[in-house]
């Protein structure tokens, strides 16, 4: 007998009351006599409880949430259930349970009604006498309704095993259950989240299916993988015999998945679902994934938004950087037909998948930024969706202010109390990565972080401190509180206490504090000085190897004739510049930037480059720091064009007047540049540069001269 909490005054059968658990909708005392006497005669004849009338408004709201069609099905089905007698067939009860499972209502919503409880009790009572088809129907309905009671699943699974064992005992090679039915029953049991499915019986069913893997289809594989994942049947211990059996099942599934891919017997949608289940377990079917990619790319336009999201998430979770596949996914998702049907959660999952493999797909990213920029203020985004989008865009280096300041930052600010310490650290670090800052949000995050400072891990403390320092902001109360918590969390002298990336991150935090805020060092406590001594001695220099473009820079700078000379690969503090030019008392740093330091959507510089420029121009003695795009620089066909391009950049952005750009570079000077063809015009002069290509090279258009914001 299932124990169900019911109100003190039980509801009669005529009142269909469906109330979500947790609402206090029933009075704890009987209704007054005066109120009962004032009821109409028609109501009194039906003997409707007054408490049912009081919750009428709540019932109407719940039905409005689920829809009129669901309300009609539930009311009509339970009305038929109320007419049961002792001669009612079991088939009719199973049919009514299936009807209820087809609605949006779940077991927790329906079990406050006595008629539903009687229906569930009658279905459960007849399980020992059901045939295989009826058992499959009951399991499917219970899985959809999320009936997690062991009183239903334990006898059901035992009865299924009894049928299977009797078939093999009698020597019948064909089981009364098909393999698809067995997989569906296990899938429904896992979907219901039942905590006490008999493990020995479930393992027996898995062994039976492993002995006949040729009968599987793609859906059966996905169902079986889902059950094994939900029941945590993950092989980890080689000394455990059960783990060997689980490993064998996974190997069989991966092998036959590959075989059916080669035969073309699995449709593309089932391929993506099976791969998604493999990725959730953490297994990569290497032999099958390439065949699957080739097949899915040819038929990717036939997939819907949900399947495309599962595919991208699986590849991202496995960190399988299939560039062609991700390009096809981005192109398909960005199409108007698919983009109109995709949800906010799916866009966040897609963005996270691209960030996991660090692939920038411009069609998808532009569509995502436009969607966030045009999102109404009244549109509701879940907190997890907001932080996932912010983290993914920061990892990919997307600095679209419309998306950040128009959507992500306001949405995060509205529900900041629902965000965990991990979300607070991720948001502040993400804003620093892309170089977008909001003073109000930063102040609120700082106050919230001080309140929950005991909940921060070492990694999260490093992230939140690095976010404030990299963006050029300093909050004294926050830094004092988090540094004390960092010191309290463990032994700072232990190398195993902090991972290497966070060790470097904390060293950069101390460098920024000492460089930009000397007043903090002057008034530091003993604990803070211990932290500064511990992390200020680490080597955080950005070491760069000698590359081909350094030789190009040397030849071009030699031809320009700087009066103070030049040098390549110069170290300035912890930063390494590709070249430093001294001319007319000015020291100009030159950096050749790759695409990873530039936003692909807006073309603007990201936060780390802005931080290094601020440090070098204000504190490290450089007059100006200029940037050159590596892709455009390497694409110039001759050293003369590179010389002219560097002349324009140094003159108009670096302020170096009086450079000589008319000097012809001799052949022996260009010989040090391997593989470089010197192009000259017909009259023997240096070739005319392409002004359009050189304008693309200049980074002056992306320098946002924003006034830094400081906390008061």
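Tabulated results
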read-out: Label-point separation, residue 165 to residue 262 (7 Å along Cα→Cβ), nm; value: 3.8 nm
read-out: Highest average packing first - 340-349, 140-149, Cβ atoms within 10 Å; value: 140-149, 340-349
read-out: Rough spin-label spacing in nm, given labels placed 7 Å along Cα→Cβ, for residue 319 and residue 234; value: 1.6 nm
read-out: Paramagnetic label zone (point 7 Å from Cα along Cα-to-C-beta, residue 488; backbone N under 19 Å) in the stretch 410-426; value: 421-422, 425
read-out: Prolate/oblate/rounded label for the stretch 426-535 (Cα gyration tensor, a/c 1.5); value: rounded
read-out: Sorted peptide list for 267-273, 423-429, criterion being average Cβ within 10 angstrom, highest first; value: 423-429, 267-273
read-out: Potential extension, residue 151-residue 617 segment - 0.36 nm per residue separation minus Cα distance; value: 160.5 nm
read-out: Rg to Rh, two decimals, where the stretch 508-567 supplies the alpha carbon set and Rh follows Kirkwood; value: 1.29
read-out: Cβ crowding within 10 Å averaged over residues, with 289-300, 397-408 ranked highest first; value: 397-408, 289-300
read-out: Rough spin-label spacing in nm, given labels placed 7 Å along Cα→Cβ, for residue 380 and residue 503; value: 4.7 nm
read-out: Rg(Cα)/(2.2 N^0.38 Å) for the stretch 228-312, N = residue count; value: 1.18
read-out: Range of Cα positions in the stretch 218-271 per principal axis (Å), largest first; value: 38, 20, 12
read-out: Three-way shape call for the stretch 304-453 based on the alpha-carbon gyration tensor, with the a/c threshold at 1.5; value: prolate
read-out: Cα gyration tensor, the stretch 99-164 - rounded (a/c under 1.5), prolate or oblate; value: prolate
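Read the figures in this text as sums done on the coordinates, not as results from a lab. All of these numbers come straight from a predicted model, not from anything done at the bench. Using ideal geometry, Cβ is built from the backbone for each residue, glycine included, and neighbour counts are taken over all protein chains shown.
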